[in-house]
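The structure under discussion appears below in the form of structure tokens.
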Amino acid sequence: MKTVNHWIGGKTVEGASGNWGPVTDPATGAVTTQVALASAEEVDAAVSAAKEAYATWGTSSLAQRTSILFRYRALLDAHRDDIAALITAEHGKVHSDALGEVARGLEIVELACGITTQLKGELSTQVSSRVDVSSIRQSLGVVAGITPFNFPAMVPMWMFPLAIACGNTFVLKPSEKDPSPANFLAELAAEAGLPDGVLNVVHGDKVAVDALLTHPDVAAVSFVGSTPIARYIHATASANGKRVQALGGAKNHMLVLPDADLDAAADAAVSAAYGSAGERCMAISAVVAISSIADELVDKIRERAEKIKIGPGNDPVSEMGPLITKAHRDKVATYVTGAAAQGAEVVLDGTGYTVDGFEDGHWIGLSLLDKVSTDSDAYRDEIFGPVLCVLRADTYEEGLALINASPYGNGTAIFTRDGGAARRFQLEVEAGMVGVNVPIPVPVGYHSFGGWKDSLFGDHHIYGNDGVHFYTRGKVVTTRWPDPSEGHIGVDLGFPRNH
């Protein structure tokens, strides 16, 4: 059986806690790997390695950092298929989806390669007689990232490349459900020339998480996961004096107006709801259809959903793979089996789905629930599986109010041909990311990703300008150099004058 250990100080370090976690192949249900679960002492060793590396990395030149990142980007590009294969083996998503994940992670590596322009300061000369004021941004020190199972390569790459480009050192705690991609990313970084200790990977559960949240040498924590854990991460790390960005869960809505291209809207709904088996925080899990076109739209979604091919992620014909664990598959199924009792019309029920020859895999088919009420479990909870809820509204205003009443505010979309309605929606909707005829409005790397309300805890979104600001802190320097011909000024007890 394969064993995944920690990566500390530029080398593999065997787990010493005696605790191990199982990693399964979601397509077969078989345990293929064991992963070391770190003790607090092992986390401390990783933080210590990062702290030691920061003594030199924090003062390294931008040229040195970016040259390493350019080499790293080239290695990642050359190993796209290898990274994707690891993702498929442990997460279960189809290979094409895994390749897309790697590509989106590479966007942030490319942003980090150009960090020189992001770290430029500002200068104001002659704010007073021979007085200049400048502002600069400096690194924080040791920073940590705690990442989820659904994007085991992309989300770490949303964090550590920017962090190390800014001069920090990094400790990554990836999900213990699919740990191998994180180690491979670290190994490639070392091959690119990243000094030992700048990037460290420790695997673990709550013990490792809490050790990072309370460690006195960790200056900042980045997190992506569910809302309850994001709230805990933010509260605990903040209480221990750390800067925190904690991205939580979502219930993303897609509002479809009567003038929309319904074929395009149906295509988008199926892609956004069922891609990656619905295991993504930007999945569309609720379609809000204006009543006059709701029946037609539901029929179009059903027709498309019935044609999706489900199978092992490494099968080229598969369009959707299994869920990450059996326990998660069973939980997702309860939202479908209990939907009718809570008033929904079950248009498609995927709970009995299986794949010939892979009967022990974590399979579930596509489910479509119509006429869902806002007080039902299927609507209130983040299901994180291939279940699409359709709600109905009589007007734009009613649909908007429904969306804004949700405690989540991660992403949303509107489908319409009316530019005025789209403009109004993007200004009035309460969400951090908005798509206009775009179902999954994940920003490109040079903009920032993040939601509102219970989808984000902390002040900074991830990557883009917000990411650079999160991993640095500002300093303002006021300078006065006396003119060589100027005599002694003497004591002045007054407040400094700028006029």
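The values are calculated or read from the model by the stated rules, or taken from the named source; none is laboratory data. Everything numeric in this text was worked out from a predicted model, so none of it was measured. Because the Cβ atoms are built from the backbone with ideal geometry, glycine has one as well, and the counts that use them run over all protein chains shown. Note: accessible area is taken over every heavy atom of the protein model, side chains too, but ligands, DNA and RNA are not part of it. Shrake-Rupley method; radii C 1.70, N 1.55, O 1.52, S 1.80 Å.
In plain terms, the chain from residue 360 to residue 2 could stretch by 126.9 nm, reckoned as 0.36 nm per residue minus the Cα-Cα distance. Annotation: for a label point projected 7 angstrom from Cα along Cα→Cβ of residue 62, residues of segment 151-188 with backbone N closer than 13 Å are 165-167.
Which links in 173/326; 120/475; 300/371; 177/331; 93/173; 93/326 stretch past 19 Å when you go from one Cα to the other?
173/326; 93/173
With a Förster radius of 25 Å applied to the C-beta separation of residue 261 and residue 96, the computed FRET efficiency comes to 0.50.
Within segment 114-140, which residues have the backbone N less than 11 Å from the label spot 7 Å out from residue 481 along Cα→beta-carbon, could you tell me? Inside the label zone: 132. Counting only protein heavy atoms and a 1.4 Å probe, the chain has 41 square angstrom of accessible area per residue. Taking the DSSP bridge list for segment 341-441 and keeping only pairs wholly inside it, about 30 percent are antiparallel. Solvent-accessible area of residue 345, all protein chains in place: 90 Å² (probe radius 1.4 Å, heavy atoms, ligands and nucleic acids excluded). Protection proxy ranking of 167-173, 50-56, by the mean of other Cβ atoms within 10 Å over each peptide's residues and highest first, is 167-173, 50-56.
For residue 206, a cut-off of 13 angstrom between C-alpha atoms picks up these aspartates and glutamates, skipping any fewer than 8 places away in its own chain: 176.
Legend: calculated FRET efficiency, residue 122 to residue 459, from the Cβ-Cβ distance at R0 = 22 Å, rounded to 0.05, equals 0.60. Approximating the spin labels as points 7 Å out from Cα along Cα→Cβ, the residue 110-to-residue 235 distance works out to 4.1 nm.
Placing a label point 7 Å from the Cα of residue 492 along the Cα-to-Cβ direction, the residues of segment 123-165 whose backbone N falls under 15 Å of that point are 126-132.
A probe of 1.4 angstrom, applied to the heavy atoms of all protein chains, finds residue 360 with accessible area near 120 square angstrom. Descending by average beta-carbon neighbour count within 10 Å, the peptides 438-445, 417-424, 31-38 line up as 31-38, 438-445, 417-424, the highest first.
Length gain on complete extension for the stretch residue 326 to residue 226, per 0.36 nm per residue less the alpha carbon to alpha carbon distance? Intermediate values should be presented prior to the final figure.
Working: separation 100, 0.36 × 100 = 36.00 nm, distance 1.86 nm.
Full extension of this stretch gives 34.1 nm more.
For segment 115-127, backbone phi angles converted through the Karplus equation (6.51, -1.76, 1.60; θ = phi - 60°) give residue-by-residue couplings of 5, 4, 6, 6, 9, 5, x, 10, 9, 10, 9, 6, 5 Hz, Gly and Pro being listed as x. Entry note, the chain: relative contact order of 18 percent, from Cα contacts under 8 Å with a spacing of 6+ residues. Can you give the relative contact order of segment 129-213 as a percent, counting alpha carbon pairs under 8 Å and 6+ residues apart? Once divided by the residue count of segment 129-213, the mean separation gives 30 percent. Rolling a 1.4 angstrom probe over the chain with all protein chains present gives an accessible area of which 53% lies on carbon and sulfur atoms.
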